[in-house]
Amino acid sequence: MPWITAPSHHRWLEAESTRLLDFARASRHTDGGFGMLLADGSLDPEADVELWVTCRMTHSFALATLMGHPGAAAFVDHGLDALSGRLRDHEHGGWFAAVGADGPTNTAKEAYGHAFVILAASSAVAAGRPEAQQLLDDALATHAERFWDDDAGMSREAFTREWGEAEDYRGINANMHTVEAYLAAADVTGDKAWLHRAARIVDRAINVFARGHYWRLPEHFDSDWQPLLDYNEATPSHPFRPYGATIGHWFEWSRLTLQAASALQQSGLEPPAWMRDAARDLYAAGVREGWHVDGEAGFVYTVDWDGKPVVRERMHWVVAEAIGAAAALWRTTRLPEYAADYERWWDFAGEHLLDLESGSWWHELGPDLAVSGTVWPGKADVYHALQATLLPRLPVTPALAPSLAAGNLD
């Protein structure tokens with residue numbers, strides 16, 4: 001029996017979900033929000049409280065609440081309080097990118113973080129938390145007013161605190177998480193406008209940009225959405241804006257494309273014929289150009305425009321997203337090759353990434369598969385790994401939290 005259908009494997013996934021969430025409890029910051037975790041599972045005393053981390057941990061504990069983890073709801077409310085309090089810009093609107101003990105330390109208004117506010121609030125609404133609906137309403141209104149560019153069918157990137165244009169830059173990463181957030185919002189609100197916007201982003205990102213570059217999806221663009229293929233060539237290992245094409249994002253986009261297609265179909269609309277084929281092609285490119293391409297197991301972080309490895313470190317989140325994409329493709333196609341891949345990716349995680357002593361997963365390995373920290377030191381959060389334990393046990397759509405709320409967990 002393939003692992004993906006085996007009840008015993010599902011029990012293992014459930015146990016791994018619990019292990020990850022137990023580790024994550026230490027990220028609760030006494031001043032509000034959630035902080036970065038070090039490799040030993042302790043809270044990093046030097047790190048600011050970042051918007052994206054607080055949102056991803058709030059989302060994770062909302063999932064825990066929906067899975068029936070006692071005490072998790074208090075962690076959701078702790079995150080919601082920070083998103084309504086110390087992380088919110090009560091003067092100019094929106095949310096600060098980071099705060100410290102004395103107030104904001106990064107006042108930029110970033111699409112990446114604001115997308116995660118929508119996701120956290122959507123998941124908290126699905127989990128029945130009383131403060132969540134107002135936060136979701138505010139986050140969607142802010143995103144619609146400030147970030148959504150209807151002419152481009154994409155999200156803008158970032159602004160100054162007072163909502164001035166921050167830079168001549170647009171990013172595919174922020175748009176990917178906007179798709180994730182919009183799909184979740186559509187599920188919990190019933191407003192299909194968010195689904196249609198998500199589908200527009202997927203169309204341009206995948207059917208235009210990825211297809212037009214042999215599935216090596218450009219990450220960086222100017223404000224007219226012209227690709228900047230040499231962006232950060234001098235600093236290729238940037239954690240958020242690396243040079244070249246990012247293998248792990250191909251897997252995330254593959255899954256999200258399938259989710260958008262399934263959501264369109266469930267809403268009574270026939271998804272474009274290209275969507276499911278493109279999801280398979282994008283996943284195949286990630287395996288072909290990312291896995292074991294330099295003589296060692298694991299996925300490289302980035303490749304150049306000829307498909308050659310650039311940053312060869314192995315990131316935990318890439319494996320987690322490969323697991324999620326393989327699971328979604330298997331559910332969509334029932335082809336045995338995806339079930340086999342799914343087992344292969346989990347085998348790698350089990351052998352190299354799971355830290356069974358200090359908890360969670362090692363976030364980065366070097367090209368020699370030894371624990372490293374050149375791009376992602378520590379164990380910042382559990383978002384990717386936790387989702388990898390849930391996606392195999394849920395249908396492709398709806399989004400994770402509303403799907404748990406609907407009782408869809410295998």
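Here, each number is a calculation from the coordinates, and none is a lab measurement. Note that this is a predicted model, so its numbers are computed, not measured. Methodologically, a virtual Cβ is constructed for each residue, glycine included, from the backbone with ideal geometry; neighbour enumeration extends over all protein chains shown.
Quote the relative contact order of region 3-405 in percent (integer), defining contacts as alpha-carbon pairs under 8 Å separated by 6+ residues.
Averaging sequence separation for qualifying contacts and normalising by length gives 18 percent for region 3-405.
Within a Cβ distance under 10 Å of residue 147, other residues only, what is the Lys/Arg minus Asp/Glu net charge?
Here the count lands on -1.
So if I take the alpha carbon set of region 299-410, get Rg, then get Rh from the Kirkwood formula, what is the Rg over Rh ratio?
Rounded to two decimals, Rg/Rh equals 1.00.
Give me the aspartates and glutamates in straight-line cross-link reach of residue 379: C-alpha distance below 13 Å, same-chain residues under 8 apart excluded.
40, 44, 355, 364
With each run of n ≥ 4 DSSP H residues scored as -39500 (n - 2.57), what mean residue ellipticity at 222 nm is computed for the chain after dividing by its residue count and rounding to the nearest 500 deg cm²/dmol?
-14500 deg cm²/dmol
Could you tell me what a quarter of the Cα convex hull surface of region 96-233 works out to, in nm² with one decimal place?
9.5 nm²
Could you point to the residue in 249, 123, 396 farthest towards the positive end of the chain's charge dipole, with +1 and -1 charges on the Cβ of Lys/Arg and Asp/Glu respectively?
Among 249, 123, 396, the one farthest towards the positive end of the dipole of the chain is 396.
For region 193-337, what is the Kirkwood estimate of the hydrodynamic radius, computed as the reciprocal of the mean inverse distance between distinct Cα atoms, to one decimal in Å?
After inverting the mean inverse Cα-Cα distance, the result is 15.6 Å.
How far apart, in nanometres, would the label points at residue 240 and residue 162 be if each is projected 7 angstrom from Cα along the Cα-to-Cβ direction?
Once both label points are built, they end up 2.2 nm from each other.
What list do you get for 240, 251 if you sort them by fewest beta carbons within 10 Å?
With the fewest neighbours first, 240, 251 line up as 240, 251.
By counting other Cβ atoms within 10 Å of each Cβ, how are 14, 110, 313, 162 ranked from fewest to most?
Going from least to most buried by this count: 162, 14, 313, 110.
Can you tell me which lysines have their Cα less than 29 Å from the Cα of residue 192? Leave out same-chain residues fewer than eight positions away.
Answer for residue 192, where 29 Å is the Cα cut-off: 109, listed by chain and number.
Could you check which residue among 31, 151, 277 shows the biggest mean-square fluctuation in a GNM of the chain with a 10 Å Cα cutoff?
Per the Cα network of the chain with a 10 Å cutoff, 151 tops the list.
Considering only C-alpha atoms, what is the centroid distance from region 202-277 to region 154-196, in Å?
Answer, in whole Å: 14.
Taking the number of other C-beta atoms within 10 Å as the exposure measure, put 5, 54 in order starting with the fewest.
Fewest-to-most ranking of 5, 54: 5, 54.
What would the Debye formula give as log10 I(q)/I(0) at q = 0.10 Å⁻¹ for the alpha-carbon point model of the chain, no solvent?
Evaluating at q = 0.10 Å⁻¹ gives log10 I(q)/I(0) of -0.60.
I need the calculated FRET efficiency for the pair residue 137 and residue 374, taking r as the beta carbon distance and R₀ as 30 Å, to the nearest 0.05.
Calculated transfer efficiency: 0.15.
Assuming 0.36 nm per residue, please report the length gained on full extension of the stretch residue 347 to residue 193 beyond their Cα-Cα distance.
51.5 nm
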